[in-house]
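J.: The following block contains the structure, expressed as structure tokens.
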Amino acid sequence: SLREGGSDAAEGFRAVGRISLAGGFNASEVREGVDAEFEAYQVSGVDDGFVDGGHVPLEARATGYDSEEAVWQALKTRDDVALIDAFAVESGFGPQDFSVSGIPEGQDIFDPVTLEVRDPVSGNTKEVDIIGVIGFGSSSTFFGIFLPEQTFMDIFGEPELSWHYVGLKSPSKSKDLAKEIESTLLTAGVQAESLKERADREQALSRNFFYLMQAFMGLGLFVGIAAVGDIAFRTVVERRQQIGMLRAIGYKRNTVALSFLMESSFVTLLGIFSGIGLALWLSYFLVTSSDFPGNGSSYFVPWQQLTIIAFFTYGASLLMTFIPSRQAASIPVAEALRYE
């Protein structure tokens, strides 16, 4: 259709996949165990193109599968397996109340959990084994239970609508290609959207909140650096007699200035290392806590950013101390020893 419409957008496609949907949230039902009540939950079917080209990460897989790729490939070879989003495993998240109790939170390997999927219109049912949990970060985009396409057809029949996903050779062009696809297929009612752009838009609120927190932290950092300079200036005034005594017994100007820089360095380095250490300790226990969304994911420390901030802080504090230290070194001995 794109080529017939005069567009060359398809030349930039790496892979094309399709997800079939039965309809709205109430168009499919699932339950865990024969004694449980059926609950509305989104169920989708994925074709081979989506399996081969999707590369959607998993945060957990069932025993018997050595890799994420083996889990995805099982959707092509078996008709009784399924994948589920992380919201159904992590209690307290997601737009619906359905949750799976047989998959422990935070574990990479679990025993397959059997769910029963039902079409409330036709009454068709099918038992499937959950063999993979989609990553927490990807679950907001790929939400629900994912079945092999043929299994989905057997339960729900022809889908009411389909989502076509396109993997690009140049992912940076996703926004422009989405606009081109939508404009070319406008008469067919096609709507196209860049997943990256949508994810950025959905995360804008939380990202701006973190930017605000970083701004407050940065303001506190600048105030702390200014405080180091203020303390250095006050120290020069309060230690005029001590400085004079040091000069009188033979201390050189450079030695006096160096003593002030060493004192300031000790305070600054103590603040830098204690601040970084406490921040890493707090963030580690926060991220690895069972109450934190997406627990079980790897803990990452941005050492490069921390190193840059630490060197900047240390350099700025030395700069704020340099002027008062030079002032202290230039105080005449006689003036420094004069009582006021």
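J.: For the stretch 76-90, indicate whether the set of residues that are modelled with pLDDT under 90, on the phi > 0 side of the Ramachandran plot and surrounded by 14 or more Cβ atoms within 10 Å (Cβ to Cβ) is non-empty.
T.: The answer is no; no qualifying residue exists.
J.: Please work out which one of (1) in a helix (DSSP H, G or I); (2) of a type in the set (A, V, I, L, M); (3) open to solvent by less than 50 Å² (accessible area, probe 1.4 Å) is the condition residue 192 fails and give its number.
T.: Of the numbered conditions (1) in a helix (DSSP H, G or I); (2) of a type in the set (A, V, I, L, M); (3) open to solvent by less than 50 Å² (accessible area, probe 1.4 Å), the odd one out for residue 192 is (1).
J.: From 200, 230, which residue is under 19 Å from the mean Cα position of the chain (by Cα) and of a type outside the set (A, V, I, L, M, F, W, C)?
T.: Values: 230 fails: under 19 Å from the mean Cα position of the chain (by Cα).
One residue alone meets the criteria, 200.
J.: Select from the stretch 157-169 the residues that are touching a strand residue (DSSP E or B) at 6+ places or on another chain (Cβ under 9 Å) and not hydrophobic (A, V, I, L, M, F, W, C) and list them in ascending order.
T.: Here is the first cut: in the stretch 157-169, the ones touching a strand residue (DSSP E or B) at 6+ places or on another chain (Cβ under 9 Å) are 158-169.
158, 159, 160, 162, 164, 165, 167, 169, listed by residue number.
J.: Can you spot a residue in the stretch 210-218 that is part of a helix (DSSP H, G or I), closer than 21 Å to residue 326 by Cα and aromatic (Phe, Trp, Tyr)? Before the answer, list the steps.
T.: Step one: of the stretch 210-218, the residues part of a helix (DSSP H, G or I) are 210-218.
Filter once more, keeping what is closer than 21 Å to residue 326 by Cα: none.
No: the stretch 210-218 contains no residue that is part of a helix (DSSP H, G or I), closer than 21 Å to residue 326 by Cα and aromatic (Phe, Trp, Tyr).
J.: If you don't mind, another one. Quick check on the stretch 11-38: of everything there that is surrounded by 14 or more Cβ atoms within 10 Å (Cβ to Cβ) and in contact with a Lys or Arg (Cβ under 9 Å, 6 or more places away or on another chain), which residue is farthest from residue 122 (Cα to Cα)?
T.: 12
J.: So, one more: What are the pairs with Cβ atoms under 7 angstrom where one residue, in the stretch 279-290, is under 14 Å from residue 306 (Cβ atoms) and the other, located anywhere, is open to solvent by 40 Å² or more (accessible area, probe 1.4 Å)? Sequence gap at least six, or different chains.
T.: 284/299
J.: Can I ask one more? Kindly evaluate residue 122 against the criterion of being open to solvent by 30 Å² or more (accessible area, probe 1.4 Å), modelled with pLDDT of 85 or more and in a strand (DSSP E or B). Write out each step before concluding.
T.: Details: open to solvent by 30 Å² or more (accessible area, probe 1.4 Å): yes; modelled with pLDDT of 85 or more: yes; in a strand (DSSP E or B): no.
No, not satisfied.
J.: Condition test on residue 173, is it in contact with a helix residue (DSSP H, G or I) (Cβ under 6 Å, 6 or more places away or on another chain), farther than 27 Å from residue 112 by Cβ and either open to solvent by less than 90 Å² (accessible area, probe 1.4 Å) or basic (Lys, Arg) (or both)? If you could, list the steps in order and put the result at the bottom.
T.: Numbers: in contact with a helix residue (DSSP H, G or I) (Cβ under 6 Å, 6 or more places away or on another chain): no; farther than 27 Å from residue 112 by Cβ: yes; either open to solvent by less than 90 Å² (accessible area, probe 1.4 Å) or basic (Lys, Arg) (or both): yes.
No.
J.: In the stretch 272-305, how many are assigned to a helix (DSSP H, G or I) and either modelled with pLDDT under 85 or out of contact with any helix residue (DSSP H, G or I) (no Cβ under 7 Å at 6 or more places or on another chain) (or both)? Spell out the reasoning first.
T.: We begin by selecting, within the stretch 272-305, every residue assigned to a helix (DSSP H, G or I); these are 272-287, 303-305.
Still in the running and either modelled with pLDDT under 85 or out of contact with any helix residue (DSSP H, G or I) (no Cβ under 7 Å at 6 or more places or on another chain) (or both): 273-275, 277-287, 303-305.
Count: 17.
J.: Then there is this: Suppose we keep only residues that are over 9 Å from residue 324 (Cβ atoms) and polar (S, T, N, Q) within the stretch 227-243. Which one would you say is modelled with the highest pLDDT?
T.: 242
J.: Next up: Could you list, in sequence order, all residues of the stretch 219-261 that are outside any helix (DSSP H, G or I), loosely packed, with under 13 Cβ neighbours inside 10 Å and of a type outside the set (A, V, I, L, M)? Break it down stepwise before answering.
T.: The first filter runs over the stretch 219-261 and keeps only residues outside any helix (DSSP H, G or I), leaving 239, 249-252.
Subset that is loosely packed, with under 13 Cβ neighbours inside 10 Å: 249-250, 252.
Correct list: 250, 252.
J.: Identify all residues within the stretch 1-37 that are in a loop (DSSP other than H, G, I, E, B) and of a type in the set (A, V, I, L, M, F, W, C); write none if there are none. Outline the logic, then answer.
T.: Within the stretch 1-37, the first condition is being in a loop (DSSP other than H, G, I, E, B), and the residues that meet it are 1-8, 22-24, 28, 32-37.
Once the filter is applied, which keeps residues that are in a loop (DSSP other than H, G, I, E, B) and of a type in the set (A, V, I, L, M, F, W, C), the stretch 1-37 yields 2, 22, 34, 36.
J.: Could I ask something else about it? Cβ contacts < 7 Å: first residue on the phi > 0 side of the Ramachandran plot, restricted to the stretch 3-25; second residue in a loop (DSSP other than H, G, I, E, B) and charged (D, E, K, R), any location; separation 6+ or different chain. Result?
T.: Short answer, once both residue conditions are applied: 23/160.
J.: Does residue 147 fit the bill of being open to solvent by less than 60 Å² (accessible area, probe 1.4 Å) and touching a residue at least 12 places away in the same chain (Cβ under 8 Å)?
T.: Values: open to solvent by less than 60 Å² (accessible area, probe 1.4 Å): yes; touching a residue at least 12 places away in the same chain (Cβ under 8 Å): yes.
Judged against the criteria, residue 147 is a match.
The values are calculated or read from the model by the stated rules, or taken from the named source; none is laboratory data. Everything quoted here is computed from the prediction, not taken from an experiment. As a convention, Cβ positions derive from the backbone with ideal geometry for all residues, glycine included, and neighbour counts pool all protein chains shown. Please note that ligands, DNA and RNA were not included when accessible areas were found on the heavy atoms of the full protein model with its side chains. Shrake-Rupley method; radii C 1.70, N 1.55, O 1.52, S 1.80 Å.
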